[in-house]
Amino acid sequence: MELNINIIIPEIILIALAVCLIVLDFFITDKKKLNTIGICGLVIAGMSVLLGVKNGFALSGMIIQDNVAVFFKLLFILVGIYIFYMGRFFEDRIKGWKGEFYILIVFAIIGMEFLSSSYDFISFYVSLELLTITLYILTAYTKDNPHSVEAGLKYLITGALASGFLLYGISFIYGGTGSTGFGEIAGILRGGGHGLNGFVTIGLVLIILGLTFKISSIPFHVWTPDVYQGAPTPVTALLAAGSKAAGFVVLMRVLFTALGSVKEEWMLFIAVISAVTLIFGNMSAMPQKNIKRLIAYAGIGSAGYLLMGIASASVLGASSIMFYLLTYLFSIAGSFLVIVIFSHVSGSDEIDSYAGLSRRSPLLAATMFIGLLSLAGVPPLGGFIAKFYLFAAVVKEGLIWLAVIGILMAIVSMYYFLLVIKRIYLMEPVVEEKITLEPTTKLMLYGVNIAIIALGVYPGPFTDWFVQIARQLF
Amino acid sequence: MIETFFFYVFSVIAVISALMVVFNRDPVKSAVSLVLCFLQVAAIYVLLRSPFLAAVQVFVYVGAVVVLFLFVVMVLELKKERLGEYLHVRQKPLVVILVLVLFVGLGSLILKGRIIVPKGLYSESFILKEGVTETLGKLLFTKYIFPFEVVSLLLLVALIGAILLTFKKE
């Protein structure tokens with residue numbers, strides 16, 4: 001097969017950006033300039049994804065470019081731009097800030113982009129490791145803070161274990177089918193008769209278990225709260241919005257594309273994982289006192305919702321996963337921008353310190369309000385539509401019990417998010433001082449809020465597009 | 001026949017030494033068991049007609065990685081591992097049960113597993129004709145060029161990370 005190198009032009013631009021940043025880091029002392037260059041580079045890479053990249057296979061079938069990959073690449077670049085912007089606020093709080101932070105973020109984005117277009121277990125695994133190892137370093141980045149180092153270590157150990165599961169599973173799939181390419185495996189399994197044997201089943205189970213680490217669902221969820229709390233806040237946002245989406249795109253490719261013909265084997269397994277994750281995540285979120293920890297547990301719950309889409313194994317399920325991830329990105333970007341700005345002002349991530357935020361800065365309060373309610377799934381926000389489609393997808397496949405658990409847990413999540421909102425709007429502020437925002441920040445916050453509301457009020461074009469591109473996965 | 005016999009000998013020793021790595025409380029003994037385990041894996045590579053991989057395994061893992069481990073042990077003066085004292089005792093039966101379930105589940109599925117797909121292109125005669133190293137080199141730079149290049153990015157990231165996390169400004 002031919003090389004088709006032009007398919008990975010956006011990634012090549014990003015690699016060039018990373019190398020440029022490494023070199024410029026020596027000469028530029030004001031790291032905010034580095035940040036601006038990074039954002040410009042990301043925008044250019046995003047444009048190159050939109051324009052001029054043809055669909056097809058590249059690098060001897062290791063890489064695929066289809067509309068699913070295009071959507072996820074744009075999503076990751078958007079995540080990258082928000083993380084870079086958050087970095088600007090975070091920078092001032094850290095003594096001896098180093099420019100490597102931005103370089104590593106670019107590498108993480110490269111890893112996610114490659115993951116979204118991997119079409120072979122080998123390219124998938126190396127891209128996953130590129131992403132994960134970058135995230136280990138980023139998590140432990142503020143090494144003067146013992147929480148951050150602890151988080152990095154915990155993330156590393158759980159990640160290494162999950163990687164072991166994943167590799168063992170991949171080797172069983174290779175043993176059973178004699179191939180590592182997703183397309184070839186699908187062809188062999190569809191070939192009938194000998195399709196499924198013990199080896200493929202073992203591989204399937206171990207790969208699913210290994211990938212639950214990336215999407216932070218049961219049984220590899222334990223790292224989530226500590227890492228979300230301990231990691232630098234922009235990195236937490238990257239973990240929540242980017243790394244989780246990357247986990248789901250590979251889960252969709254592995255399960256729908258490569259192992260789609262044996263879906264009876266894994267549908268129920270995924271449904272059970274989804275139900276347990278939903279109940280665990282939402283129940284444990286209730287007593288949390290730290291906002292990042294709360295979002296971590298809510299994020300475990302979200303992984304449960306997204307797994308509902310996987311469990312339905314249908315075009316509707318896949319498209320609703322994409323819709324959910326899009327709304328999730330905006331909710332996370334909005335609320336984490338507020339968290340970064342607020343902790344920059346007050347130095348605290350505790351929920352109690354958010355008391356009376358609405359009087360100190362109405363825009364920050366409103367962003368938190370909209371972001372959290374969208375995570376909880378309140379109409380008419382984007383999160384409601386996303387959950388609605390997920391429920392529809394599982395009901396259509398006859399998994400009504402899963403939809404019932406999902407709806408009950410949505411009510412639970414409403415409770416703990418409203419507790420935060422109550423503090424923001426109804427309690428008296430401890431400090432009366434107003435929080436002033438830069439014009440660009442205001443623009444970013446307005447953009448996020450408008451996007452969440454627009455996705456909720458007028459989801460039609462997006463869902464149509466997602467249904468169209470989700471067909472390519474099957 | 002004789003190959004099968006040796007395969008089982010090497011595998012059994014590899015598994016036993018891997019268990020010794022985990023169960024030994026003394027880091028030096030663990031590292032030495034790890035050497036034993038890596039050597040058995042290298043021997044299995046030889047049985048699989050891949051002397052190049054076996055040599056790399058011995059050079060990189062036995063030669064470099066484990067020696068690094070031993071250096072760390074020496075420099076840090078590691079005592080006997082004491083993590084066990086911090087573990088929750090009540091969780092132990094649960095762990096044993098979970099491991100047993102995994103073991104039985106995997107074992108029963110492995111017994112059901114069969115390899116039906118035809119064997120690949122790289123048969124013994126092909127390798128004898130082309131040579132292991134040549135085949136491997138050609139594959140790395142043609143079919144597997146993408147993972148090869150991504151791994152180089154990975155090494156760059158690891159380098160940056162290692163310097164970043166350990167460097168102290170005076």
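Quick notes on this structure:
- Being in contact with a Leu (Cβ under 7 Å, 6 or more places away or on another chain), closer than 20 Å to A:Ser374 by Cβ, crowded, with 20+ Cβ neighbours inside 10 Å and in contact (Cβ under 8 Å) with a residue 60 or more places away in the chain is a description that applies to A:Val420.
- Selection status of A:Ile270, closer than 30 Å to A:Thr142 by Cα, more than 16 Å from the chain's Cα centre (by Cα) and open to solvent by less than 10 Å² (accessible area, probe 1.4 Å): no
Residue by residue, here is whether (1) of a type in the set (Ser, Thr, Tyr); (2) touching a strand residue (DSSP E or B) at 6+ places or on another chain (Cβ under 9 Å); (3) within 23 Å of A:Phe323 (Cα to Cα) holds:
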site: A:Leu206; (1), (2), (3): no, no, no
site: A:Leu209; (1), (2), (3): no, no, no
site: A:Phe213; (1), (2), (3): no, no, yes
site: A:Val222; (1), (2), (3): no, no, no
site: A:Asp226; (1), (2), (3): no, no, no
site: A:Gln229; (1), (2), (3): no, yes, no
site: A:Pro232; (1), (2), (3): no, no, no
site: A:Leu239; (1), (2), (3): no, no, yes
site: A:Gly242; (1), (2), (3): no, no, yes
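- Here is the figure for the range B:123-135: residues that are farther than 25 Å from A:Ile188 by Cα and either within 11 Å of chain A (Cβ to nearest Cβ) or open to solvent by 60 Å² or more (accessible area, probe 1.4 Å) (or both) total 6.
- Among residues of the range A:428-474 being open to solvent by 100 Å² or more (accessible area, probe 1.4 Å) and of a type in the set (S, T, N, Q), the one that is modelled with the lowest pLDDT is A:Thr436.
- Pairs meeting the criteria (first residue in the range A:375-400 and without any contact (Cβ under 8 Å) to a residue 60 or more places away in the chain, second residue of a type in the set (Gly, Ala, Ser) and not in a loop (DSSP other than H, G, I, E, B), beta carbons under 8 Å, at least 6 apart or on different chains) are A:Ala376/A:Gly383; A:Ala376/A:Ala410; A:Ala376/A:Ser413; A:Gly377/A:Gly383; A:Gly377/A:Ala386; A:Gly377/A:Ala410; A:Gly377/A:Ser413; A:Val395/A:Ala403.
- Residue count, the range B:104-122 (criterion: more than 7 Å from chain A (Cβ to nearest Cβ) and either among the small types (Gly, Ala, Ser) or open to solvent by less than 70 Å² (accessible area, probe 1.4 Å) (or both)): 3
- For the range A:141-152, filtered to residues that are more than 21 Å from the chain's Cα centre (by Cα) and within 12 Å of another protein chain (Cβ to nearest Cβ), the residue that is surrounded by the fewest Cβ atoms within 10 Å (Cβ to Cβ) is A:Asp144.
- Filter result (touching a Leu at 6+ places or on another chain (Cβ under 8 Å) and either in the same structural domain as B:Ser50 (by TED's automatic domain parsing) or open to solvent by less than 70 Å² (accessible area, probe 1.4 Å) (or both)) within the range B:137-163: B:Ile145, B:Phe146, B:Val150, B:Leu153, B:Leu154, B:Val157, B:Ile160, B:Gly161
- Against the numbered list (1) under 17 Å from A:Ile215 (Cα atoms); (2) within 12 Å of another protein chain (Cβ to nearest Cβ); (3) open to solvent by less than 20 Å² (accessible area, probe 1.4 Å), A:Ile137 comes up short only at (1).
- Residue check for B:Lys168: assigned to a loop (DSSP other than H, G, I, E, B), surrounded by 13 or more Cβ atoms within 10 Å (Cβ to Cβ) and not assigned by TED's automatic domain parsing to the domain that holds B:Ala54: no
- In the condition set (1) assigned to a loop (DSSP other than H, G, I, E, B); (2) closer than 25 Å to A:Thr236 by Cβ, A:Ser163 is compliant with all but (1).
- Cβ-Cβ contacts under 9 Å between residues 6 or more apart (or on different chains), taken from a first residue in the range B:1-25 that is closer than 30 Å to B:Lys79 by Cβ to a second residue that is of a type in the set (Phe, Trp, Tyr) and open to solvent by less than 80 Å² (accessible area, probe 1.4 Å), are listed as B:Ala14/B:Phe38; B:Ser17/B:Phe38.
- Pairs linking a residue in the range A:336-348 that is more than 14 Å from A:Val235 (Cβ to Cβ) to a residue that is in a helix (DSSP H, G or I) and of a type in the set (Gly, Ala, Ser), with Cβ atoms under 6 Å and 6 or more positions apart or on different chains, are A:Ser346/A:Ser353.
- Screening the range A:12-128 for helices (runs of 4 or more DSSP H) wholly inside it with 2 or more residues that are at pLDDT below 90 and either open to solvent by less than 20 Å² (accessible area, probe 1.4 Å) or closer than 24 Å to A:Ile321 by Cβ (or both) returns the ranges A:31-50, A:67-91.
- Listed by position, the helices (runs of 4 or more DSSP H) contained in the range B:1-82 that have at least 3 residues being loosely packed, with under 12 Cβ neighbours inside 10 Å and modelled with pLDDT of 90 or more are B:2-23.
- Residue, surrounded by the most Cβ atoms within 10 Å (Cβ to Cβ), within the range A:186-203, restricted to residues that are at the interface with chain B (Cβ under 10 Å from one of its Cβ atoms) and part of a helix (DSSP H, G or I): A:Gly203
- Of the helices (runs of 4 or more DSSP H) lying entirely inside the range A:312-400, those containing at least 2 residues that are at pLDDT 90 or above are A:315-346, A:362-376, A:382-396.
The values are calculated or read from the model by the stated rules, or taken from the named source; none is laboratory data. The shown structure was predicted, so the numbers you read here are calculated from the model rather than taken from an experiment. Neighbour counts are summed over all protein chains in view; Cβ atoms, including those assigned to glycine, are modelled from backbone coordinates with ideal geometry. When the accessible area is computed, the model is the full protein with side chains, heavy atoms only, and any ligands, DNA or RNA have been set aside. Shrake-Rupley method; radii C 1.70, N 1.55, O 1.52, S 1.80 Å.
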